[in-house]
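What follows is a single structure, written as C-alpha coordinates, with notes after it.
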Amino acid sequence: MDAHQFLVNSSLQFIEKASFTWQTPSNIALVKYWGKSEPQIPKNASISFTLNNCHTITTIEFEKIEKSDSVQFDMYFEGKKNEDFKPKIAKFFQRIAEYCPYIFEYKMIIHSQNSFPHSSGIASSASGLSAIAMCLTSLEQQLIPALNSDFVTKKASFLARLGSGSASRSIEGPLVVWGNHPEIEGSSDLFAVPFPHTIHSIFENYQDVILLVDKGEKQVSSTVGHELMHNHPFAENRFQQANENLTKLSKILQNGDIKNFINLVESEALTLHAMMLTSNPYFILMKPNTLEIIQKIWKYRSENQSNICFTLDAGANVHVLFPENEKQNVLQFIENELASFCHKNEYICDSVGFGAKKLENIKVR
Ligand code: PMV
(Lines give C-alpha, C1' and ligand atoms only; values in the text may rest on other atoms or scores of the structure.)
Protein backbone atom coordinates (compact mmCIF):
# COMPACT_ATOMS: atom_id res chain seq x y z
CA MET A 1 0.00 0.00 0.00
CA ASP A 2 1.56 3.32 -0.94
CA ALA A 3 0.67 6.79 0.26
CA HIS A 4 -1.49 7.46 -2.83
CA GLN A 5 -4.13 5.20 -1.34
CA PHE A 6 -4.78 7.89 1.24
CA LEU A 7 -5.48 10.70 -1.21
CA VAL A 8 -9.12 11.68 -1.52
CA ASN A 9 -10.35 10.63 -4.95
CA SER A 10 -14.10 10.41 -4.42
CA SER A 11 -16.39 13.41 -4.57
CA LEU A 12 -17.25 14.84 -1.18
CA GLN A 13 -20.81 15.13 0.12
CA PHE A 14 -20.32 18.26 2.18
CA ILE A 15 -22.29 18.83 5.36
CA GLU A 16 -22.72 22.20 7.09
CA LYS A 17 -21.68 21.25 10.62
CA ALA A 18 -20.26 18.29 12.46
CA SER A 19 -18.66 17.56 15.80
CA PHE A 20 -16.67 14.51 16.90
CA THR A 21 -15.04 13.57 20.19
CA TRP A 22 -12.29 10.97 20.47
CA GLN A 23 -10.29 9.64 23.37
CA THR A 24 -6.90 8.36 22.24
CA PRO A 25 -4.13 6.84 24.35
CA SER A 26 -0.46 7.37 24.86
CA ASN A 27 1.81 4.39 24.14
CA ILE A 28 5.13 3.06 25.36
CA ALA A 29 7.54 1.44 22.91
CA LEU A 30 9.19 -1.88 23.77
CA VAL A 31 11.35 -1.88 20.62
CA LYS A 32 12.16 1.75 20.01
CA TYR A 33 11.88 3.98 16.96
CA TRP A 34 14.82 6.36 16.88
CA GLY A 35 15.90 7.60 13.46
CA LYS A 36 13.80 8.46 10.41
CA SER A 37 13.87 9.77 6.89
CA GLU A 38 11.45 12.10 5.11
CA PRO A 39 8.42 12.02 5.20
CA GLN A 40 8.45 10.53 8.68
CA ILE A 41 9.56 7.07 7.50
CA PRO A 42 11.09 5.05 10.35
CA LYS A 43 14.56 3.56 9.95
CA ASN A 44 13.40 0.44 11.78
CA ALA A 45 10.17 -1.17 12.89
CA SER A 46 8.97 -0.57 16.45
CA ILE A 47 6.36 -2.10 18.75
CA SER A 48 4.52 -0.57 21.69
CA PHE A 49 2.04 -1.31 24.41
CA THR A 50 -0.98 0.96 24.08
CA LEU A 51 -1.74 2.58 27.43
CA ASN A 52 -5.13 2.81 29.07
CA ASN A 53 -5.20 5.68 31.56
CA CYS A 54 -2.86 8.18 29.91
CA HIS A 55 -4.95 9.66 27.15
CA THR A 56 -6.13 12.79 25.38
CA ILE A 57 -9.78 13.64 24.76
CA THR A 58 -10.39 15.96 21.84
CA THR A 59 -13.53 17.42 20.33
CA ILE A 60 -13.36 19.08 16.94
CA GLU A 61 -16.31 21.16 15.79
CA PHE A 62 -16.36 21.62 12.04
CA GLU A 63 -18.27 24.43 10.35
CA LYS A 64 -18.40 24.68 6.56
CA ILE A 65 -16.81 27.82 5.09
CA GLU A 66 -15.89 29.05 1.62
CA LYS A 67 -12.73 27.24 0.52
CA SER A 68 -9.79 29.02 2.11
CA ASP A 69 -6.06 29.14 1.22
CA SER A 70 -5.03 28.43 4.77
CA VAL A 71 -6.39 26.11 7.44
CA GLN A 72 -8.77 27.98 9.78
CA PHE A 73 -8.74 26.71 13.35
CA ASP A 74 -8.78 27.71 17.00
CA MET A 75 -7.21 25.63 19.69
CA TYR A 76 -8.45 25.35 23.29
CA PHE A 77 -6.52 23.28 25.81
CA GLU A 78 -8.11 22.40 29.13
CA GLY A 79 -10.79 25.04 28.62
CA LYS A 80 -8.51 27.93 27.69
CA LYS A 81 -7.60 29.29 24.30
CA ASN A 82 -4.07 28.10 23.64
CA GLU A 83 -1.78 29.85 21.18
CA ASP A 84 1.34 27.85 22.19
CA PHE A 85 0.17 24.59 20.57
CA LYS A 86 -1.06 26.30 17.41
CA PRO A 87 2.21 26.30 15.40
CA LYS A 88 2.71 22.56 15.91
CA ILE A 89 -0.87 21.81 14.91
CA ALA A 90 -0.69 24.21 11.94
CA LYS A 91 2.42 22.33 10.77
CA PHE A 92 0.58 19.04 11.20
CA PHE A 93 -2.31 20.33 9.07
CA GLN A 94 0.16 21.44 6.40
CA ARG A 95 1.72 17.98 6.31
CA ILE A 96 -1.60 16.19 5.95
CA ALA A 97 -3.32 18.75 3.70
CA GLU A 98 -2.83 16.82 0.46
CA TYR A 99 -4.54 13.80 2.06
CA CYS A 100 -7.33 15.81 3.71
CA PRO A 101 -8.23 18.59 1.23
CA TYR A 102 -11.52 19.15 3.10
CA ILE A 103 -9.66 20.89 5.95
CA PHE A 104 -9.57 24.03 3.78
CA GLU A 105 -13.37 23.99 3.62
CA TYR A 106 -14.11 23.92 7.34
CA LYS A 107 -13.43 26.17 10.26
CA MET A 108 -12.28 23.89 13.08
CA ILE A 109 -12.64 24.56 16.79
CA ILE A 110 -10.42 22.12 18.66
CA HIS A 111 -10.95 21.48 22.38
CA SER A 112 -8.50 19.13 24.01
CA GLN A 113 -7.59 17.82 27.45
CA ASN A 114 -5.15 15.24 28.80
CA SER A 115 -5.76 12.75 31.60
CA PHE A 116 -2.18 13.30 32.76
CA PRO A 117 -0.67 16.59 33.91
CA HIS A 118 0.60 18.58 30.94
CA SER A 119 3.99 19.26 32.51
CA SER A 120 4.53 15.66 33.62
CA GLY A 121 7.17 14.92 31.00
CA ILE A 122 4.79 12.39 29.41
CA ALA A 123 4.79 13.10 25.71
CA SER A 124 1.35 14.31 24.73
CA SER A 125 2.10 14.40 21.01
CA ALA A 126 1.18 10.72 20.45
CA SER A 127 -2.22 10.94 22.13
CA GLY A 128 -2.84 14.55 21.07
CA LEU A 129 -2.15 14.09 17.37
CA SER A 130 -3.88 10.71 17.13
CA ALA A 131 -7.02 12.31 18.63
CA ILE A 132 -7.01 15.03 15.95
CA ALA A 133 -6.42 12.37 13.28
CA MET A 134 -9.44 10.38 14.52
CA CYS A 135 -11.69 13.47 14.45
CA LEU A 136 -10.55 14.26 10.89
CA THR A 137 -11.15 10.74 9.64
CA SER A 138 -14.59 10.75 11.30
CA LEU A 139 -15.40 13.85 9.24
CA GLU A 140 -13.98 12.17 6.13
CA GLN A 141 -16.24 9.18 6.70
CA GLN A 142 -19.25 11.50 6.77
CA LEU A 143 -18.12 13.25 3.59
CA ILE A 144 -17.47 9.92 1.83
CA PRO A 145 -20.03 7.48 3.28
CA ALA A 146 -18.68 4.56 1.24
CA LEU A 147 -15.36 4.44 3.14
CA ASN A 148 -14.91 1.27 5.14
CA SER A 149 -13.86 1.37 8.76
CA ASP A 150 -10.69 -0.66 8.22
CA PHE A 151 -9.43 1.93 5.74
CA VAL A 152 -10.44 4.77 8.07
CA THR A 153 -8.44 3.27 10.96
CA LYS A 154 -5.37 2.88 8.74
CA LYS A 155 -5.74 6.40 7.44
CA ALA A 156 -6.00 7.78 10.98
CA SER A 157 -2.72 6.05 11.86
CA PHE A 158 -1.19 7.29 8.59
CA LEU A 159 -2.20 10.90 9.36
CA ALA A 160 -1.08 10.69 13.00
CA ARG A 161 2.30 9.39 11.82
CA LEU A 162 2.82 12.49 9.71
CA GLY A 163 2.43 14.56 12.89
CA SER A 164 4.64 12.45 15.16
CA GLY A 165 5.93 8.99 14.28
CA SER A 166 4.98 7.33 17.54
CA ALA A 167 1.43 8.79 17.27
CA SER A 168 0.77 6.22 14.52
CA ARG A 169 0.85 3.59 17.30
CA SER A 170 -1.85 5.37 19.36
CA ILE A 171 -4.93 4.33 17.39
CA GLU A 172 -5.24 0.63 18.22
CA GLY A 173 -4.11 -1.79 20.94
CA PRO A 174 -3.02 -3.65 22.96
CA LEU A 175 0.28 -4.16 21.07
CA VAL A 176 0.97 -2.21 17.92
CA VAL A 177 3.71 -2.43 15.30
CA TRP A 178 4.79 0.46 13.12
CA GLY A 179 7.32 -0.05 10.35
CA ASN A 180 7.73 -2.60 7.63
CA HIS A 181 8.89 -5.90 9.10
CA PRO A 182 9.09 -9.23 7.25
CA GLU A 183 7.57 -11.21 10.10
CA ILE A 184 4.63 -8.92 10.82
CA GLU A 185 2.05 -9.46 8.14
CA GLY A 186 0.49 -6.24 6.91
CA SER A 187 3.13 -4.06 8.58
CA SER A 188 4.04 -0.81 6.90
CA ASP A 189 6.27 2.23 7.23
CA LEU A 190 3.21 4.36 6.52
CA PHE A 191 0.91 3.35 9.36
CA ALA A 192 0.81 1.09 12.39
CA VAL A 193 -1.02 -2.23 12.67
CA PRO A 194 -2.08 -4.34 15.66
CA PHE A 195 0.38 -7.12 16.55
CA PRO A 196 -1.12 -9.94 14.49
CA HIS A 197 -0.44 -12.95 16.76
CA THR A 198 -2.13 -14.22 19.89
CA ILE A 199 -0.16 -13.10 22.92
CA HIS A 200 0.63 -15.26 25.94
CA SER A 201 -1.64 -14.68 28.95
CA ILE A 202 1.27 -13.36 31.07
CA PHE A 203 1.35 -10.25 28.85
CA GLU A 204 -2.39 -9.62 29.10
CA ASN A 205 -3.32 -6.56 31.11
CA TYR A 206 0.39 -5.82 31.62
CA GLN A 207 1.01 -3.04 34.13
CA ASP A 208 2.97 0.16 33.54
CA VAL A 209 3.64 2.55 36.40
CA ILE A 210 5.16 5.77 35.11
CA LEU A 211 7.55 7.33 37.60
CA LEU A 212 7.65 11.09 37.04
CA VAL A 213 11.32 11.78 37.67
CA ASP A 214 11.56 15.07 35.88
CA LYS A 215 8.70 17.26 34.83
CA GLY A 216 10.73 19.91 33.07
CA GLU A 217 10.96 20.62 29.38
CA LYS A 218 13.40 18.19 27.70
CA GLN A 219 16.73 19.80 26.80
CA VAL A 220 16.79 17.98 23.47
CA SER A 221 13.56 17.34 21.57
CA SER A 222 12.93 14.00 19.89
CA THR A 223 12.96 15.82 16.52
CA VAL A 224 16.58 16.79 17.14
CA GLY A 225 17.36 13.32 18.51
CA HIS A 226 16.05 11.60 15.37
CA GLU A 227 18.03 14.06 13.26
CA LEU A 228 21.24 13.11 15.06
CA MET A 229 20.85 9.50 13.89
CA HIS A 230 21.93 10.72 10.44
CA ASN A 231 25.73 10.24 10.33
CA HIS A 232 25.59 8.49 13.70
CA PRO A 233 28.48 5.99 13.90
CA PHE A 234 26.26 3.18 15.22
CA ALA A 235 23.12 3.95 13.22
CA GLU A 236 23.12 1.06 10.76
CA ASN A 237 23.84 -1.53 13.44
CA ARG A 238 21.17 -0.03 15.64
CA PHE A 239 18.49 -0.18 12.93
CA GLN A 240 19.37 -3.79 12.18
CA GLN A 241 19.41 -4.69 15.88
CA ALA A 242 15.97 -3.15 16.41
CA ASN A 243 14.48 -5.18 13.57
CA GLU A 244 16.10 -8.35 14.96
CA ASN A 245 14.78 -7.51 18.42
CA LEU A 246 11.29 -7.22 16.99
CA THR A 247 11.64 -10.72 15.50
CA LYS A 248 12.72 -12.02 18.93
CA LEU A 249 10.05 -10.10 20.81
CA SER A 250 7.34 -11.38 18.48
CA LYS A 251 8.22 -14.94 19.57
CA ILE A 252 8.53 -13.98 23.24
CA LEU A 253 5.11 -12.31 23.26
CA GLN A 254 3.61 -15.51 21.91
CA ASN A 255 5.48 -18.04 24.08
CA GLY A 256 5.49 -16.05 27.34
CA ASP A 257 9.27 -16.23 27.89
CA ILE A 258 9.25 -13.41 30.40
CA LYS A 259 12.95 -13.59 31.32
CA ASN A 260 13.89 -12.85 27.73
CA PHE A 261 11.17 -10.19 27.58
CA ILE A 262 12.82 -8.38 30.49
CA ASN A 263 16.26 -8.68 28.95
CA LEU A 264 15.17 -7.40 25.56
CA VAL A 265 12.98 -4.55 26.82
CA GLU A 266 15.60 -3.16 29.22
CA SER A 267 18.31 -3.51 26.59
CA GLU A 268 16.15 -1.56 24.12
CA ALA A 269 15.66 1.26 26.64
CA LEU A 270 19.36 1.51 27.43
CA THR A 271 20.29 1.28 23.74
CA LEU A 272 17.97 4.19 22.95
CA HIS A 273 19.80 6.27 25.53
CA ALA A 274 23.15 4.92 24.34
CA MET A 275 22.33 6.42 20.93
CA MET A 276 21.87 9.77 22.65
CA LEU A 277 25.13 9.42 24.60
CA THR A 278 27.00 8.66 21.36
CA SER A 279 25.38 11.27 19.11
CA ASN A 280 27.34 14.30 18.04
CA PRO A 281 26.54 16.58 19.77
CA TYR A 282 25.99 14.08 22.58
CA PHE A 283 23.33 14.53 25.24
CA ILE A 284 21.90 12.86 28.33
CA LEU A 285 18.19 12.80 29.13
CA MET A 286 18.41 10.47 32.12
CA LYS A 287 18.74 12.10 35.54
CA PRO A 288 20.54 10.74 38.62
CA ASN A 289 17.16 9.54 39.96
CA THR A 290 16.54 7.60 36.74
CA LEU A 291 19.65 5.55 37.51
CA GLU A 292 18.79 5.22 41.21
CA ILE A 293 15.41 3.78 40.22
CA ILE A 294 16.94 1.35 37.73
CA GLN A 295 19.34 0.03 40.39
CA LYS A 296 16.47 -0.41 42.85
CA ILE A 297 14.40 -2.28 40.26
CA TRP A 298 17.30 -4.66 39.58
CA LYS A 299 17.81 -5.26 43.30
CA TYR A 300 14.10 -5.87 43.93
CA ARG A 301 13.93 -8.24 40.97
CA SER A 302 16.79 -10.41 42.13
CA GLU A 303 15.78 -10.44 45.79
CA ASN A 304 12.12 -11.23 45.15
CA GLN A 305 12.25 -13.45 42.05
CA SER A 306 10.09 -10.79 40.50
CA ASN A 307 9.45 -10.17 36.80
CA ILE A 308 9.47 -6.40 37.17
CA CYS A 309 11.45 -4.46 34.55
CA PHE A 310 11.78 -0.93 33.22
CA THR A 311 11.72 0.95 29.98
CA LEU A 312 12.43 4.58 29.15
CA ASP A 313 11.22 6.92 26.47
CA ALA A 314 13.12 10.01 25.35
CA GLY A 315 13.28 11.53 28.82
CA ALA A 316 14.12 10.92 32.47
CA ASN A 317 10.85 9.24 33.51
CA VAL A 318 10.89 5.50 34.15
CA HIS A 319 8.14 3.14 33.02
CA VAL A 320 7.97 0.21 35.44
CA LEU A 321 6.51 -2.83 33.66
CA PHE A 322 5.22 -5.97 35.38
CA PRO A 323 2.62 -8.73 35.02
CA GLU A 324 -0.75 -8.19 36.61
CA ASN A 325 -0.22 -11.04 39.12
CA GLU A 326 2.55 -9.02 40.80
CA LYS A 327 0.50 -5.85 41.09
CA GLN A 328 -0.02 -5.81 44.83
CA ASN A 329 3.63 -6.41 45.76
CA VAL A 330 5.11 -4.15 43.12
CA LEU A 331 2.80 -1.24 43.95
CA GLN A 332 3.91 -1.55 47.55
CA PHE A 333 7.57 -1.56 46.47
CA ILE A 334 7.02 1.51 44.28
CA GLU A 335 5.30 3.42 47.06
CA ASN A 336 7.89 2.43 49.68
CA GLU A 337 11.10 2.62 47.67
CA LEU A 338 10.70 4.41 44.35
CA ALA A 339 8.22 7.24 44.94
CA SER A 340 10.83 9.28 46.82
CA PHE A 341 12.90 9.51 43.60
CA CYS A 342 9.97 11.09 41.75
CA HIS A 343 9.20 14.77 41.46
CA LYS A 344 6.84 15.47 44.39
CA ASN A 345 6.57 11.67 44.86
CA GLU A 346 4.33 11.51 41.80
CA TYR A 347 3.71 8.49 39.62
CA ILE A 348 0.89 7.32 37.36
CA CYS A 349 -0.52 3.78 37.48
CA ASP A 350 -1.45 2.56 34.05
CA SER A 351 -1.93 -0.70 32.19
CA VAL A 352 -2.26 -1.89 28.65
CA GLY A 353 -5.26 -0.55 26.76
CA PHE A 354 -7.14 -1.11 23.54
CA GLY A 355 -6.83 2.13 21.60
CA ALA A 356 -8.96 5.02 20.41
CA LYS A 357 -12.55 5.35 21.64
CA LYS A 358 -15.24 7.49 20.08
CA LEU A 359 -17.16 9.33 22.78
CA GLU A 360 -20.73 9.84 21.65
CA ASN A 361 -22.73 12.72 23.15
CA ILE A 362 -19.69 14.13 24.93
CA LYS A 363 -17.95 17.37 24.07
CA VAL A 364 -14.74 18.71 25.56
CA ARG A 365 -15.15 22.38 26.45
O1 PMV B 1 7.26 10.13 17.80
P2 PMV B 1 8.49 10.89 18.16
O3 PMV B 1 9.08 11.62 17.00
O4 PMV B 1 8.26 11.79 19.34
O5 PMV B 1 9.61 9.83 18.62
C6 PMV B 1 9.42 8.98 19.71
C7 PMV B 1 10.62 8.20 19.99
C8 PMV B 1 10.60 7.35 21.25
O9 PMV B 1 9.51 7.68 22.09
C10 PMV B 1 11.87 7.60 22.03
C11 PMV B 1 10.56 5.88 20.91
C12 PMV B 1 9.27 5.33 20.41
O13 PMV B 1 9.32 4.40 19.59
O14 PMV B 1 8.21 5.78 20.86
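The values are calculated or read from the model by the stated rules, or taken from the named source; none is laboratory data. Just so we're clear, the structure is a prediction, and the values are computed from it rather than from any experiment. Cβ: placed from backbone, ideal geometry, glycine included. Neighbour counts: every protein chain shown. Accessible surface is based on the protein model in full, side chains and every heavy atom, while ligands, DNA and RNA are left aside. Shrake-Rupley method; radii C 1.70, N 1.55, O 1.52, S 1.80 Å.
Points worth noting:
- Our estimate of slack between Gln254 and Ser302, defined as 0.36 nm per intervening residue step minus the Cα-Cα distance, is 14.8 nm.
- All other residues whose Cβ lies under 13 angstrom from that of Val265 are scored, Lys and Arg at +1 and Asp and Glu at -1, for a net of -1.
- Shape call, region 60-160: gyration tensor on alpha carbons, a/c limit 1.5: oblate
- Exceeding the 18 Å Cα-Cα cut-off - candidates Lys81/Lys363; Lys218/Lys287; Lys32/Lys296; Lys64/Lys107; Lys17/Lys64: Lys32/Lys296
- Based on the reciprocal of the average 1/r between different C-alpha atoms, the Kirkwood radius for region 201-276 equals 14.7 Å.
- The accessible-area ordering, largest first, of the residues Cys349, Cys309 stands as Cys349, Cys309, per a 1.4 angstrom probe.
- Which of Asp350, Asp84 is most accessible, then next, and so on - probe 1.4 Å: Asp84, Asp350
- Here the 3J(HN,Hα) profile of region 315-332, calculated from phi with Karplus coefficients 6.51, -1.76 and 1.60 at θ = phi - 60°, is x, 8, 5, 10, 8, 9, 10, 6, x, 4, 5, 9, 3, 4, 5, 5, 4, 5 Hz, Gly and Pro shown as x.
- Selection of chymotrypsin sites (Phe, Trp or Tyr not before Pro), region 1-59, meeting DSSP coil and at most 13 other Cβ within 10 Å: Phe14
- Three-way shape label, region 206-351, alpha-carbon gyration tensor, a/c 1.5: oblate
- Surface share of carbon and sulfur [accessible, 1.4 angstrom probe, percent] for the chain: 47 percent
- Student exercise, region 206-351 dipole from Lys, Arg, Asp, Glu Cβ charges, in Debye to nearest 20: 180 debye
- Convex hull volume per residue for region 119-171, taking Cα atoms only, in Å³: 61 Å³
- Surface analysis of region 265-359 yields an accessible area of 48 Å² per residue, using protein heavy atoms and a 1.4 Å probe.
- Prolate/oblate/rounded call for the chain, Cα gyration tensor, a/c under 1.5 rounded: prolate
- Of every Cα-Cα pair in region 1-42, the percent that sits beyond 15 Å: 74 percent
- With K and R counted +1 and D and E -1, the other residues having a Cβ less than 13 Å from that of Phe14 yield a net charge of -2.
- The percentage of C-alpha pairs in region 1-131 whose separation is greater than 22 Å is 47%.
- Net charge contributed by nearby residues that have their C-beta within less than 14 Å of Thr198 (K/R +1, D/E -1): -1
- Taking every protein chain into account, the 1.4 Å probe leaves Val152 with about 10 Å² of accessible area, to the nearest ten.
- Alpha carbon convex hull of region 252-321, projected area averaged over orientations, nm²: 4.9 nm²
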